[in-house]
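The values are calculated or read from the model by the stated rules, or taken from the named source; none is laboratory data. Predicted model, so just to flag it, every value in this text is computed and none were measured. Backbone-built Cβ (ideal geometry, glycine too); neighbour counts: all protein chains shown.
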There are 4 protein chains.
Amino acid sequence: MRKLQWGMIGGGEGSQIGPAHRLGAGLDGLFEFTAGALDHRPEEGIGYGRSLGLGDRAYGSWQDMLAGEKAQDNPIDLVTVATPNSTHFEITKAFLEGGFHVLCEKPMTMTVEEGEEIVKIARTTGKICAVNYGYSGYSLVRHMKAMIARGDLGKIRLVNAEFAHGHHADAADAENPRVRWRYDPAQAGVSAQFADCGIHALHMASFVTGQDVTKLSADTVSCIDVRVLEDDAMVNFRMDGGAVGRLWTSSIAIGRQHGLGIQVFGEKGGLRWSQEHPNQLYYMPLGERLQIIERGEANLSPEADRTSRVTIGHAEGMPLAFANIYADLAEAIRARKENRSIDPAADLYPRAEDGLRSMAAVFAVAQSGKEDGLWCDARPPMFR
Amino acid sequence: MRKLQWGMIGGGEGSQIGPAHRLGAGLDGLFEFTAGALDHRPEEGIGYGRSLGLGDRAYGSWQDMLAGEKAQDNPIDLVTVATPNSTHFEITKAFLEGGFHVLCEKPMTMTVEEGEEIVKIARTTGKICAVNYGYSGYSLVRHMKAMIARGDLGKIRLVNAEFAHGHHADAADAENPRVRWRYDPAQAGVSAQFADCGIHALHMASFVTGQDVTKLSADTVSCIDVRVLEDDAMVNFRMDGGAVGRLWTSSIAIGRQHGLGIQVFGEKGGLRWSQEHPNQLYYMPLGERLQIIERGEANLSPEADRTSRVTIGHAEGMPLAFANIYADLAEAIRARKENRSIDPAADLYPRAEDGLRSMAAVFAVAQSGKEDGLWCDARPPMFR
Amino acid sequence: MRKLQWGMIGGGEGSQIGPAHRLGAGLDGLFEFTAGALDHRPEEGIGYGRSLGLGDRAYGSWQDMLAGEKAQDNPIDLVTVATPNSTHFEITKAFLEGGFHVLCEKPMTMTVEEGEEIVKIARTTGKICAVNYGYSGYSLVRHMKAMIARGDLGKIRLVNAEFAHGHHADAADAENPRVRWRYDPAQAGVSAQFADCGIHALHMASFVTGQDVTKLSADTVSCIDVRVLEDDAMVNFRMDGGAVGRLWTSSIAIGRQHGLGIQVFGEKGGLRWSQEHPNQLYYMPLGERLQIIERGEANLSPEADRTSRVTIGHAEGMPLAFANIYADLAEAIRARKENRSIDPAADLYPRAEDGLRSMAAVFAVAQSGKEDGLWCDARPPMFR
Amino acid sequence: MRKLQWGMIGGGEGSQIGPAHRLGAGLDGLFEFTAGALDHRPEEGIGYGRSLGLGDRAYGSWQDMLAGEKAQDNPIDLVTVATPNSTHFEITKAFLEGGFHVLCEKPMTMTVEEGEEIVKIARTTGKICAVNYGYSGYSLVRHMKAMIARGDLGKIRLVNAEFAHGHHADAADAENPRVRWRYDPAQAGVSAQFADCGIHALHMASFVTGQDVTKLSADTVSCIDVRVLEDDAMVNFRMDGGAVGRLWTSSIAIGRQHGLGIQVFGEKGGLRWSQEHPNQLYYMPLGERLQIIERGEANLSPEADRTSRVTIGHAEGMPLAFANIYADLAEAIRARKENRSIDPAADLYPRAEDGLRSMAAVFAVAQSGKEDGLWCDARPPMFR
Ligand SMILES: NC(=O)c1ccc[n+]([C@@H]2O[C@H](COP(=O)([O-])OP(=O)(O)OC[C@H]3O[C@@H](n4cnc5c(N)ncnc54)[C@H](O)[C@@H]3O)[C@@H](O)[C@H]2O)c1
Ligand SMILES: NC(=O)c1ccc[n+]([C@@H]2O[C@H](COP(=O)([O-])OP(=O)(O)OC[C@H]3O[C@@H](n4cnc5c(N)ncnc54)[C@H](O)[C@@H]3O)[C@@H](O)[C@H]2O)c1
Ligand SMILES: NC(=O)c1ccc[n+]([C@@H]2O[C@H](COP(=O)([O-])OP(=O)(O)OC[C@H]3O[C@@H](n4cnc5c(N)ncnc54)[C@H](O)[C@@H]3O)[C@@H](O)[C@H]2O)c1
Ligand SMILES: NC(=O)c1ccc[n+]([C@@H]2O[C@H](COP(=O)([O-])OP(=O)(O)OC[C@H]3O[C@@H](n4cnc5c(N)ncnc54)[C@H](O)[C@@H]3O)[C@@H](O)[C@H]2O)c1
């Protein structure tokens, strides 16, 4: 089976998320890293791309790359957009319109309007527009979704999600430019911690329950005075399948390292999972005992099996979760190439619609936070 | 040292909390169980009291007990009120006015007005009116309070408290009278889960931070349809020392057994503690590593040492936390008898003021819950 | 129900284990502390006894107490021997022969011969001679025993027990008299860490499996040079029901606080329990998932129910385990008084036979340790 | 930087360990999978190799591959031997002698004599002969080694290692050929569970302490009757730096999934690590508190930093540990090519000497097990 060809925009030398994408895309040998515009500085981007083996498909800008790849006989099959947030919209739009499948980093856009536009373009062009809610790639997250979908928990009553860490808790570090821009509306937009981390938790709530958020109420605070945007937020929400939601996100929670976790409670059982120990899933069927589901155990769902690589008892970590998103995409792309339907257990990568919904939630949180927790519609206009 | 004499109202045969009080009061040999009106059925109360060794100080009603003890040369030193909620006010009031020290079960009253009256009576009579927020008796909870008071965490930014369990999650059991009354406003008042469990978590937030709640916003829901009162609530609040608060309480969280826990985040560090594993306290000083404080370790605070009985590595549990409240009360009573000041490390039992504040919070939660999360004043009028 | 009368020898002011016995004996109100010879210094013993309310039944020596209690119309029902190890034999012997029920601290004697003599005296006199393997009082330890007895695990293949802590790891502290005597054969006998802690783990292995140790092989080492006796030992053993055993005990395991735990593996399942978190029991039925049994959950064994006091989710700790031993003894004593058979769920307190078996194991460990792990008979001669 | 070329022998379709090697070798993009003789059935091997992109460097046998690669202008830089145990010796020998660097799966050989021969050949040829003790690749295992090497724990007193799981506990499954051969001396050699899992734990004990095992005493048992070789073993050992060792390995420990873990105790501190949660390392400096070291935290050792890929709080799992071994090898190979010294933080891959020592330990365990725990020399003759 020939490898698919993969390109990346952003993820230059020293970038935070670039290496994780290269790990994830390359891990299963499904994609070959073929092209890239890796840096906002053309020379550095070309140089670094060449050092990674891209040859003359190391481009100085995404515009060059778009043109160059269009001109290729054998252009890339997928492009990942891993640049800073404000550029996602135009790059994603351009590549979709150029006929490419795209995996865009979160947040997909800076506004709801842009989000709607991307969704429309993806629909019109028929191209894949995925969004990197990478944590949804964990095998046991997939299994939670499968258990809930097949009814193991009955009707879902309540979801409680968290993404609360302590890495921006040092007031002495608040003016450090690496941290500061995140809390500055001019650079970060209407929300800081919720837009950065909260949307992962919110996406996960939707992903595992199969329900979309309809409205929300938020309490946002800046625990460090110099910050304009929030470093802690509590969001209550409602979902279209009737579930109630609670979501806490923080960057000042000293003592917590990562802090993404989810609890789901239904009529017939409860589930609990935490990103820091992703290979165990705590499950209690109503009236029975808490039991521990292990990644890789026999007789899990097809969705779990597909995303599990090594034998039970061996931890699989975050790079493999990312790889699972890439594996979904490889399957989606191949299915199209081969004109067949996709393996349903792979048809789970987050999409433009998810990216759009996150944006709508971000704006609703920002508004609600300003208006004393007013309940706001969290749906993008096009989905109301 | 002669034992103090102790009496109880409620806590009859088969009652839930009666045995824990007898354990707690008797455990250190500080109190002798001397008198009681243990049941709402006079004969049963007298019979059970006698079987517990009360002799002719086993009374048929609290009124008889009040009269009987007043007539004693050597009346009881403390009376615990462990009857159903709606009777707390009149019994507590009568005993305070009768010149007795009282430990009242939570909630102290059914209304804020009653709560204010109790506070006033306690102040006028000069009698001790304690309220049984028994979890505040745990040694490491005391240590959290001491650490925060002495500044180990710097200014407190945020408290996140939970009391979320799954013991009322079975819809098939919702009409069971043992469960049902709790969600019926006619019997339970304006709030169910928050009034039953939430106030423990809220008290703990105040207890450890030394700050009082000023205002709050609540999202209350009934996940099981037949219920009028809430079985799940999320409460955001603000405290008078500037801390932000978040509190989740639930009775439908299948898979969680008890679920009381607290996290406190300050400028200089974070703390995390959970009632189900009360002998460990997780502490991270800013910029250092997470470390585990063990109950009973050397060089903790006087408040922790005073409430620790067995050597490190041996679990101490909930009955010992209750016993710590009783030990505080014994010290308070003795200090008065001996006309000396109380050991400050013992002067920590929850008081009528705490009971009143809880009531105000209960009503604020109920109101906010009805009004879409409106921020409501959570202070009792007399403390505004 | 009149309380039983209880006396104590040893456990004077400042002693380590005295308070735990007073807590345990008093906790359920089954025993009244009536008499004592609490200190090796007569005056101090009498003074402290009086301060604890013993009046003129505070004695200056155990000999006086024996004489005094014999002379009472209403003598004590049970005496606890909590003096240093070397005195256990003569005191226990004297009180048994004097017609008293005895609870002796571990180790019951200093030699196997003495142990056999105690067993014989207990048998001849018909008096209860219990030995304080207090950890066997935990509710979930009782439940393990019940599960195994009723066959939930099938035939037991292997037991792995540990009691390894780090409290004697500081070489700089090794000459501290409080620590030093323990590793000095002149004072401690033939074994240090195994005799002090290992026998608790070994007793637990026997207690839960219902099997006795037949032979053993030990590797004993002194990690701190100045020590003659072992501070770390690994013991392999065999049991009379066919189980294989492994036991590690250490006092130099820095980072471990207490370290008593047990794992049992049978044909049909496995169990795991740890003293530091005694309210959870990990159970895996063959071919199923690991599940968590909670102390206090519904439908456990009668043995577990009898030893559980507060509702599920609230920790019960070590003082309550001790109290369970006392509750067993109260039931045993009452059953005799009332001429009825004992509640089988209470008939579980450790006995002189267990104390004797421990002694035989201690000597076997010492011998095997000296002879390069030679397999030695671990049974006392009278049980061979 | 051009990728190194990598080949594999064994690891055919459906094999257990093959995929983990391909993941590990490919993950960082350091190696390109170029050649292979993947199956003992030539056609299947060639077919599968081609499907993985090997083209005409997919060989029908390792002999063909050896010849073929020797004839290449640009032969493979490294070959992994992942065939069944009994073939490791001849294949490894042949490739070393053919001038190739080899990574051999464990156990490296079936006998000590073969092991010595491999060591000699590796020394003579100057080729790298690594052995895949892959768990030594975990970042925090590397950090343990670094901490101990730099003296954080002082002199090491004791190591306690375990590799005890429950995957062969089902007696009904014991005759299943997939399980059975492992306990059959004709196929598995002198040892089953120790040779399969125990040597990982023993290697880790040596790896982190930097000490070699000198002698040992073993208690080996077959808990399931039909088995000739052991399914459970306890091994006591001594190390050349003075450390005492204890090692438990089992395949009948129902309820344990993987069960590799290690505890190290020195004069100045203790460490604890477990393979199932590899991103946390528990460390207690003498006299201080237990603290949690997180993979990826700032200011760890160079050895830890080199083997850490994603940010703190994100789990890294077993495939990344394998990848770290491959990264070491890539660095070792490149350093040779570039005629420079190797990065010391990479010079940590297990070697032929380690493989040989394991073999000597396997035979010592088998002998000691047969002779009632006789202490046996655990060193290969050439290292005595
Ligand atoms: N899914 C996740 O879990 C996750 C985690 C971290 C970051 N992210 C997202 O990934 C994105 C990148 O974040 P990061 O932390 O790696 O940022 P970074 O600042 O570390 O790296 C950004 C990279 O993009 C390059 N770049 C900038 N503009 C470019 C342009 N116009 N053309 C080409 N390259 C350009 C920069 O040179 C740099 O190499 C962000 O949108 C962020 O939200 C997602
Ligand atoms: N602090 C805690 O953690 C905690 C835990 C559980 C219950 N509680 C509180 O304790 C109180 C009692 O709860 P419970 O669960 O034990 O209730 P319960 O219904 O189990 O027992 C109540 C007892 O009070 C007796 N009683 C009722 N009316 C009486 C009267 N007028 N005079 C004398 N006795 C009377 C009843 O006969 C019964 O024995 C409640 O207020 C509850 O909120 C507190
Ligand atoms: N079961 C357990 O878990 C456990 C735990 C700790 C100690 N112990 C055992 O308890 C016993 C006491 O240990 P400790 O640590 O409390 O010792 P300790 O030295 O702290 O106290 C011993 C007490 O006995 C008194 N005493 C000594 N000789 C006496 C005599 N002849 N008559 C009356 N009193 C006398 C002393 O004055 C002192 O008050 C030991 O046998 C020990 O092994 C058991
Ligand atoms: N390091 C570890 O953690 C670890 C874990 C599992 C297995 N292993 C080791 O890996 C090795 C393989 O184990 P496995 O479980 O993958 O075995 P397996 O039986 O699943 O696979 C063995 C593979 O080798 C192929 N093979 C056999 N003989 C061959 C030959 N002569 N030439 C080419 N290919 C041949 C087979 O066709 C098969 O594809 C063993 O030595 C085992 O001990 C190590």
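Per-residue answers, yes or no, for (1) more than 16 Å from ligand 4 (Cβ to nearest atom); (2) assigned to a helix (DSSP H, G or I); (3) modelled with pLDDT under 95:
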position	(1), (2), (3)
B:Q5	yes, no, no
B:I9	yes, no, no
B:G24	yes, yes, yes
B:G36	yes, no, no
B:D39	yes, no, no
B:E43	yes, yes, no
B:Y48	yes, yes, no
B:D64	yes, yes, no
B:T80	yes, no, no
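Hey, can you tell me all the residues within segment A:58-87 that are surrounded by 17 or more Cβ atoms within 10 Å (Cβ to Cβ) and over 20 Å from A:E97 (Cα atoms)?
A:A58, A:G60
Would you be able to say whether some residue in segment B:44-54 is within 13 Å of another protein chain (Cβ to nearest Cβ), within 8 Å of ligand 2 (Cβ to nearest atom) and without any contact (Cβ under 8 Å) to a residue 12 or more places away in the chain?
No, that holds for no residue.
Consider only pairs whose beta carbons are under 6 Å apart and that are at least six residues apart or on different chains; among these, list those whose first residue lies in segment D:275-291 and is at the interface with another protein chain (Cβ under 7 Å from one of its Cβ atoms) and whose second residue is in a strand (DSSP E or B) and basic (K, R).
Cβ pairs passing all conditions: D:Y282/D:R272.
Just one of B:G355, B:G261, B:G317, B:G269 is among the small types (G, A, S) and free of Cβ contacts under 8 Å to residues at least 60 places away in the same chain; which is it?
B:G317
Within segment C:11-22, take every residue that is over 16 Å from C:D328 (Cα atoms), within 8 Å of chain B (Cβ to nearest Cβ) and in a helix (DSSP H, G or I) and give me the one that is nearest to ligand 4 (Cβ to nearest atom).
Per the criteria, the residue is C:A20.
Kindly indicate which of A:G255, A:G210, A:G242, A:G259 is at pLDDT 95 or above, on the phi > 0 side of the Ramachandran plot and in contact with a His (Cβ under 8 Å, 6 or more places away or on another chain). Steps first, please.
Numbers: A:G255 fails: in contact with a His (Cβ under 8 Å, 6 or more places away or on another chain); A:G210 fails: in contact with a His (Cβ under 8 Å, 6 or more places away or on another chain); A:G242 fails: in contact with a His (Cβ under 8 Å, 6 or more places away or on another chain).
Among A:G255, A:G210, A:G242, A:G259, only A:G259 is at pLDDT 95 or above, on the phi > 0 side of the Ramachandran plot and in contact with a His (Cβ under 8 Å, 6 or more places away or on another chain).
With farther than 19 Å from C:N160 by Cβ, buried (at least 21 other Cβ atoms within 10 Å of the Cβ) and within 7 Å of another protein chain (Cβ to nearest Cβ) as the only criterion, which of C:R246, C:R309 stands out?
Only one candidate passes the filter, namely C:R309.
Taking segment D:346-365 as the region of interest, how many residues are in a helix (DSSP H, G or I) and of a type outside the set (G, A, S)? Show your work before the answer.
At the first step, the residues of segment D:346-365 found to be in a helix (DSSP H, G or I) are D:346, D:352-365.
Now restrict to residues that are of a type outside the set (G, A, S): D:353-354, D:356-357, D:359, D:362-363, D:365.
Count: 8.
Cβ-Cβ distance below 6 Å, separation of 6 or more or different chains: which pairs start in segment C:78-105 with a residue that is farther than 16 Å from C:P350 by Cβ and small (G, A, S) and end on one that is at pLDDT 95 or above and within 16 Å of ligand 2 (Cβ to nearest atom)?
none
Could you figure out which of (1) buried (at least 19 other Cβ atoms within 10 Å of the Cβ); (2) within 14 Å of chain C (Cβ to nearest Cβ) isn't true of B:E32?
(1)
Within segment A:165-197, how many residues are outside any helix (DSSP H, G or I) and of a type in the set (S, T, N, Q)?
2
Check A:I292, A:I325 and return the single one that is assigned by TED's automatic domain parsing to the domain that holds A:S222 and in contact with a Phe, Trp or Tyr (Cβ under 9 Å, 6 or more places away or on another chain).
A:I292
Out of segment B:152-203, which residues are surrounded by fewer than 18 Cβ atoms within 10 Å (Cβ to Cβ) and among the aromatic types (F, W, Y)?
B:W181
When you look at D:E117, is it away from chain A (no Cβ under 14 Å), acidic (D, E) and crowded, with 22+ Cβ neighbours inside 10 Å, yes or no?
no
Of all residues in segment A:313-337, which are more than 21 Å from the chain's Cα centre (by Cα) and over 16 Å from A:L78 (Cα atoms)?
A:G313, A:H314, A:A315, listed by residue number.
For C:S341, work out the one condition from (1) in contact (Cβ under 8 Å) with a residue 60 or more places away in the chain; (2) more than 16 Å from C:A233 (Cα to Cα); (3) polar (S, T, N, Q) it doesn't fulfil.
Answer for C:S341: the failing condition is (1).
Quick check, is A:E162 away from ligand 2 (no atom under 16 Å from the Cβ) and either more than 13 Å from every other protein chain (Cβ to nearest Cβ) or assigned to a helix (DSSP H, G or I) (or both)? Walk me through how you get there before you give the answer.
Working: away from ligand 2 (no atom under 16 Å from the Cβ): yes; either more than 13 Å from every other protein chain (Cβ to nearest Cβ) or assigned to a helix (DSSP H, G or I) (or both): no.
Criteria not met by A:E162.
When you look at C:R272, is it surrounded by fewer than 23 Cβ atoms within 10 Å (Cβ to Cβ), under 22 Å from the mean Cα position of the chain (by Cα) and away from chain B (no Cβ under 14 Å), yes or no?
Against the criterion (surrounded by fewer than 23 Cβ atoms within 10 Å (Cβ to Cβ), under 22 Å from the mean Cα position of the chain (by Cα) and away from chain B (no Cβ under 14 Å)), C:R272 qualifies.
Here are some conditions: (1) within 14 Å of chain B (Cβ to nearest Cβ); (2) of a type in the set (S, T, N, Q); (3) assigned to a strand (DSSP E or B). C:S217 meets all but one. Which one does it not meet?
Unmet for C:S217, out of (1) within 14 Å of chain B (Cβ to nearest Cβ); (2) of a type in the set (S, T, N, Q); (3) assigned to a strand (DSSP E or B): (1).
Quick check: anything in segment D:316-338 of a type in the set (S, T, N, Q) and surrounded by fewer than 24 Cβ atoms within 10 Å (Cβ to Cβ)?
no
Report yes if A:I118 is more than 16 Å from ligand 3 (Cβ to nearest atom), closer than 16 Å to A:G36 by Cα and assigned by TED's automatic domain parsing to the domain that holds A:G47, otherwise no.
Criteria not met by A:I118.
Counting only residues that are polar (S, T, N, Q) and over 23 Å from B:L320 (Cα atoms), which one in segment B:11-70 is farthest from ligand 3 (Cβ to nearest atom)?
B:Q63
Return the residue satisfying two criteria in turn: it lies in segment A:81-95 and is touching a strand residue (DSSP E or B) at 6+ places or on another chain (Cβ under 6 Å) and of a type in the set (A, V, I, L, M), and of such residues it is farthest from ligand 2 (Cβ to nearest atom).
Only one residue tops the list, namely A:I91.
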